Structures are given as structure tokens and as C-alpha cells.
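See structure below.
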Amino acid sequence: MSFDIHVKNFIQAHRLIKKGDVVLIGISGGADSVALTLVLHKFQYLLGFQLHLMYFNHHMAGESKRDEKFIRKLAQTLNLSLTVGEWTRKTISRNISEESAREARFKFFRQVYKQKKADSIALGHHQDDLAETVLMRIIRGSGSAGVRGILPKREIYGCQFIRPLLNVSRREIEQYLKDNKTPFCTDITNFKTDFFRNKIRLELLPLLRKTYNPDIASVLINFSQVLTTDYDYIAQQAQKQFARLAKISDSRVSFNIRSFFRLHPALQRMMVRLAYDKLKGDTRSLEFKHLEAVIQWAQHGQADESLIKLPHNIVAQRFAQQLIIKMMAADVKIVLHQKSLKL
């Protein structure tokens, strides 16, 4: 089966794109996003959707001007419209964190998504990215939600993100570009181990392949897929219980303590996750240790006005017969139950 057909089948199997959709592509100039652009460009008329390219220039690498020039030329060659954004900071620091760069890029994506009234944003994540992400999250202590890794379709901040290349490998992508005689840009920061993902890709995964299992990437991907199926079932049950038990206002979600602890522990954790998601809009920073800390404290701690701090200024509070998860003002002093948290 050809690369093109393999990707098209994946798109249709997961219903990533439907006829009439406006699809944005987050393009960086790297092999992944260039291959994604070529494939979607090939099928846009057959499947009946519109394409628009987005490029965000972080000004973080010396090749940024080169990359933007390359992308502009590619857009012109394929006759695709392009929106370019850039990080307009007064001082461009080389010591920018991976998270802050990601946040700036996603903010730009959301702006274009709204302007273009788009239906989805396509990103070039592939099988190798999925294996790396699963391993990263295991090391960081993520629960089942995090270890699912990268999903084919996911809503973040009100935008629908799709990953049409999740069923192909990095090697297949590079071979596809070679066969089509299409160049791409190489980001030198991909070879530096300053970022955690690069350390996983360049150091840990090669060690695991060589020393323990040459097919470790497939093992991680299969593990993620099995966990995704199990998680989806628990999530469906949790949504039903959340609708029944949660009392929701603009800045807080509360549960009756007795009703909450009648649930299976897997559903208890999911209740906390759903409450956090309702307040924050995503759960990317929420880890298994946070969920366990909240549940242990709510079950064994004394009812008072002390708080447990969660990421992004969200807190959990047990008061009387209620477990309350709420958003706090940034300047509020928070008392931590260190013994229960164990963070």
C-alpha cells in the first residue's frame, strides 16, 4: 500500500476530515509537516476540503529566516494560502523553555483558527512521536490519560487538532519526500539534548532498542492503544457520573463527599480530572500524583478551609461534606498539606 493511500485510509477510519471542512496545517518546514502538506494537498479535491498553511517563527534558531523563506516558496508552488506569525518579544532569549515556545505557537494557531473559521488544525505527529510521548509521560509519572500519548483527534482550547500521520513512521515520511524529490528543513535544535523530548529520542530510545528490545517503539505504541481503549470506556462512565454528581459554577466544581467515595477509585480520579478540565480547558499539566493527593486528602484529611494546590492556580478544598475544586486568584496565599501531597 502506498504512503498516500495509507494516510488517506487513516483519515477516513478516524473521521478526521469531512467534505467541506477548512483544514489548517501547522507547518514548520521539517519533514513531518512538509509530508503532511503534500498528502493533504493531493487529496483536498478528492475528499472535498480546503487547505490553509500556518507558520509561526519563534526566532529561536539561526535557520528561522531560511525556514520561513522555504515555507513561503512551498506555499506558492502548491498554490496554498499561508499565514505567518512571529514571536514579537522585545528580547529574544536563547534560554526559552520548550513549554513557553509551545504556548506561543498554539496561541497563534488559535487566532488563525478563529479568523479562518476552520474546522481543524492538522499537525505532523507520527508513530515515532507517539512512542516518544508515551515514554516521556511514563517517566514523568502520568496516569492513564497521559500515557495514552498523542490522539488522532483532540479538542484543545476550543480548537479541533488532528494528526493524519499517526500511522506512519519517521523513516516512511523521509522516504516519501525522497520519492517525491521534495526537500525539507532540518532544525538543528532537534539534535540538542537541552529539551526532554530530544533526550528521549537521541539517548533513551536508542539505548532501549540496542539493549532491551529492538521493537520498543511498537511495544510503546501498542501499549498506548490498549490503554486508550480502556481509558475511553472509563471516561464514558465517568461522564455519566459527572453529569449526575457535579455541581458546577463559573469558578468551581463541587461533589458531595459521600457520593464521591461510593464511586470506584478509577472514577474518583476521573471526577477530579473532569472538574479540572472544566475550569482550565485542558488537563496537560495534571499528573497522577495530583489526582492521588486530592483523593487521599479528601478521604483522610479534616474538613477545614485548607487547600491543596494544583497546576495553574486551581485548588482542591474539603469543606463540610463537599469536595470543591476551584480557580483561585493568583495572589491568594495557599496552605499545603505536604504530608498528603507527597509531591
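The values are calculated or read from the model by the stated rules, or taken from the named source; none is laboratory data. Just so it is clear, the model here is predicted, and its values are computed rather than measured. Please note: Cβ atoms are built from the backbone with ideal geometry, for glycine as well, and neighbour counts cover all protein chains shown.
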**Request:** Say whether the condition of being crowded, with 21+ Cβ neighbours inside 10 Å, in contact with a helix residue (DSSP H, G or I) (Cβ under 8 Å, 6 or more places away or on another chain), among the charged types (D, E, K, R) and in contact (Cβ under 8 Å) with a residue 12 or more places away in the chain is met by at least one residue in region 29-51.
**Result:** yes
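If the requirement is being more than 18 Å from residue 146 (Cα to Cα), in contact (Cβ under 8 Å) with a residue 24 or more places away in the chain and of a type in the set (Gly, Ala, Ser), which of these qualifies: 266, 293, 246? Talk me through it step by step, then tell me what you get.
Details: 266 fails: more than 18 Å from residue 146 (Cα to Cα); 293 fails: more than 18 Å from residue 146 (Cα to Cα).
After ruling out the rest, the residue left standing is 246.
What about residue 282, is it under 26 Å from residue 130 (Cα atoms) and either assigned to a helix (DSSP H, G or I) or not polar (S, T, N, Q) (or both)?
In short, yes.
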**Item:** Residues located in region 32-84, provided they are among the basic types (Lys, Arg) and within 28 Å of residue 13 (Cα to Cα)
**Value:** 42
**Request:** Name the one entry in 172, 132 that is touching a Phe, Trp or Tyr at 6+ places or on another chain (Cβ under 7 Å), under 27 Å from residue 17 (Cβ atoms) and surrounded by 14 or more Cβ atoms within 10 Å (Cβ to Cβ).
**Result:** 172
**Message:** Name the single residue that is nearest to residue 161 (Cα to Cα) among those in region 30-59 being small (Gly, Ala, Ser) and assigned to a helix (DSSP H, G or I).
**Reply:** 33
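Among the residues of region 249-262, how many are out of contact with any strand residue (DSSP E or B) (no Cβ under 8 Å at 6 or more places or on another chain) and either assigned to a helix (DSSP H, G or I) or hydrophobic (A, V, I, L, M, F, W, C) (or both)? Give the derivation first.
Here is the first cut: in region 249-262, the ones out of contact with any strand residue (DSSP E or B) (no Cβ under 8 Å at 6 or more places or on another chain) are 249-250, 258-259, 261-262.
Next, from what is left, pick out any that are either assigned to a helix (DSSP H, G or I) or hydrophobic (A, V, I, L, M, F, W, C) (or both): 258-259, 261.
Result for region 249-262: 3.
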**Asked** If residue 266 satisfies every condition in (1) modelled with pLDDT of 90 or more; (2) in contact with a Phe, Trp or Tyr (Cβ under 9 Å, 6 or more places away or on another chain); (3) of a type outside the set (Ser, Thr, Tyr) but one, which is the exception?
**Response** (2)
**Request:** Give the residues of region 1-26 that are part of a helix (DSSP H, G or I) and hydrophobic (A, V, I, L, M, F, W, C), sorted by residue number.
**Result:** 3, 5, 7, 10, 11, 13
**Request:** Output the number of residues of region 5-60 satisfying the condition of being acidic (Asp, Glu) and in contact with a Ser or Thr (Cβ under 7 Å, 6 or more places away or on another chain).
**Result:** 1
**Complete:** Scanning region 236-257 residue by residue, those of a type in the set (A, V, I, L, M) and surrounded by fewer than 15 Cβ atoms within 10 Å (Cβ to Cβ) turn out to be 243, 248
**Message:** Residue under question is residue 309, and the condition is that it be under 25 Å from residue 156 (Cβ atoms) and assigned to a strand (DSSP E or B); does it hold?
**Reply:** yes
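Restricting to helices (runs of 4 or more DSSP H) lying wholly in region 105-191: which have 2 or more residues that are in contact with an Asp or Glu (Cβ under 9 Å, 6 or more places away or on another chain), under 25 Å from residue 272 (Cβ atoms) and of a type in the set (Asp, Glu)? Quick ask: steps written out before the conclusion?
Numbers: elements: 127-140, 144-147, 170-179.
Of the helices (runs of 4 or more DSSP H) lying wholly inside region 105-191, none has at least 2 residues that are in contact with an Asp or Glu (Cβ under 9 Å, 6 or more places away or on another chain), under 25 Å from residue 272 (Cβ atoms) and of a type in the set (Asp, Glu).
Just to be sure, is residue 203 surrounded by 14 or more Cβ atoms within 10 Å (Cβ to Cβ), assigned by TED's automatic domain parsing to the domain that holds residue 8 and assigned to a helix (DSSP H, G or I)?
On the way: surrounded by 14 or more Cβ atoms within 10 Å (Cβ to Cβ): no; assigned by TED's automatic domain parsing to the domain that holds residue 8: yes; assigned to a helix (DSSP H, G or I): yes.
For residue 203, the condition - surrounded by 14 or more Cβ atoms within 10 Å (Cβ to Cβ), assigned by TED's automatic domain parsing to the domain that holds residue 8 and assigned to a helix (DSSP H, G or I) - is not met.
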**Prompt:** Within the set of pairs 6+ apart or on separate chains, which have a first residue in region 223-235 that is part of a helix (DSSP H, G or I), a second that is buried (at least 16 other Cβ atoms within 10 Å of the Cβ) and hydroxyl-bearing (Ser, Thr, Tyr), and C-beta atoms under 9 Å apart?
**Reply:** 224/133; 227/144; 228/144; 230/144; 231/144; 234/144
**Prompt:** residue 147 passes all but one of (1) touching a Leu at 6+ places or on another chain (Cβ under 6 Å); (2) under 30 Å from residue 267 (Cβ atoms); (3) not assigned by TED's automatic domain parsing to the domain that holds residue 66; which number fails?
**Reply:** (3)
